[in-house]
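Undergrad: First, the structure itself, so that you have it in front of you.
Each value in this text was obtained by applying a stated rule to the coordinates, not by laboratory testing. None of these values were measured; they are calculated from a predicted model. Please note: Cβ atoms are built from the backbone with ideal geometry, for glycine as well, and neighbour counts cover all protein chains shown.
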Amino acid sequence: MTEHIVWETSFRKALELAKKTNKLVLASFFDPCCEACNKMKQCTFITECVQEYIRKHFISIKYESGEDSDQFMRFEVTGKPAVIVFDAEGTEIFRKIGFFEPEAFIQKLEMAIKKAAHRAAKSHA
């Protein structure tokens, strides 16, 4: 089975798409030499339920250490694998570091969506 997540390459483009589609941005920070990162890729991102959930609720972008080290510094990523969820304005909503099994990962993403909805409701009140 292969990964069927569309990974954007530009944070600005991901934000634009998030605004147009009313989704959040999911940024994945990855290191090919990191055992937990590879496990996340091979065990979590590859599952259909995770892929479907991400496609439905997020615009995704992936950063790889080395070639995207400026983005690791920009977002102050100190551990890998890391996942940061942003709203369409680029405000960080949620950050998690480490490996998660598929079901636990979806639960974390659900928490991020609820947190974003709560923030949006408070800002419109």
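Undergrad: Taking the chain as the reference, fit the longest principal axis to its C-alpha atoms, fit the long axis of helix 102-124 to the helix C-alpha atoms, and give the angle between the two in degrees, 0 to 90, nearest 10.
TA: Helix 102-124 sits at roughly 20 degrees to that axis.
Undergrad: Name the residues of segment 25-58 whose amide N is less than 19 Å from a point 7 angstrom out from the Cα of SER69 along the C-beta direction?
TA: Zone members listed by number: 29-35.
Undergrad: In which sequence would ASP70, ASP87 go, from the one with the fewest C-beta neighbours within 10 Å to the one with the most?
TA: On the way: ASP70 9, ASP87 21.
The fewest-first ordering by Cβ neighbours comes to ASP70, ASP87.
Undergrad: What full-extension length gain, to one decimal in nm, is calculated for THR91 and LYS20 as 0.36 nm per residue of separation minus the Cα-Cα distance?
TA: On the way: separation 71, 0.36 × 71 = 25.56 nm, distance 1.64 nm.
The THR91-LYS20 span can extend by a further 23.9 nm.
Undergrad: Further question: For MET111, project a label point 7 Å along Cα to C-beta. Then give me every residue of segment 61-102 with its amide nitrogen under 14 Å of that point.
TA: Residues passing the 14 Å test: 83-85, 93-101.
Undergrad: Mind checking the alpha-carbon convex hull of segment 7-124 and giving the volume per residue in Å³?
TA: 93 Å³
Undergrad: Would you kindly calculate the translational diffusion coefficient of segment 67-125, applying Stokes-Einstein with the Kirkwood radius from alpha carbon pairs, for 4 °C and a viscosity of 1.567 mPa s, and quote it in µm² s⁻¹ without decimals?
TA: Stokes-Einstein gives a translational diffusion coefficient of 102 µm²/s.
Undergrad: Continuing with this model, one more query. Once the Cα atoms of helix 48-57 and of the chain are each reduced to a long axis, what angle between those two axes, in degrees from 0 to 90 to the nearest 10, is obtained?
TA: The angle comes out at about 30 degrees.
Undergrad: Return the tail of the calculated pair distribution for segment 25-78, meaning the percent of Cα-Cα pairs more than 19 Å apart.
TA: Values: 454 of 1431 pairs.
Value for segment 25-78 (Cα pairs over 19 Å): 32 percent.
Undergrad: Setting aside same-chain residues fewer than 8 positions from LYS19, which aspartates and glutamates have a Cα under 12 Å from its Cα?
TA: LYS19 reaches ASP87, GLU89.
Undergrad: So which of LYS20/LYS96; LYS56/LYS80; LYS13/LYS114; LYS80/LYS114; LYS23/LYS108 end up more than 19 Å apart, counting from Cα to Cα?
TA: The pairs that break the limit, which is 19 Å between Cα atoms, are LYS20/LYS96; LYS56/LYS80; LYS13/LYS114; LYS80/LYS114.
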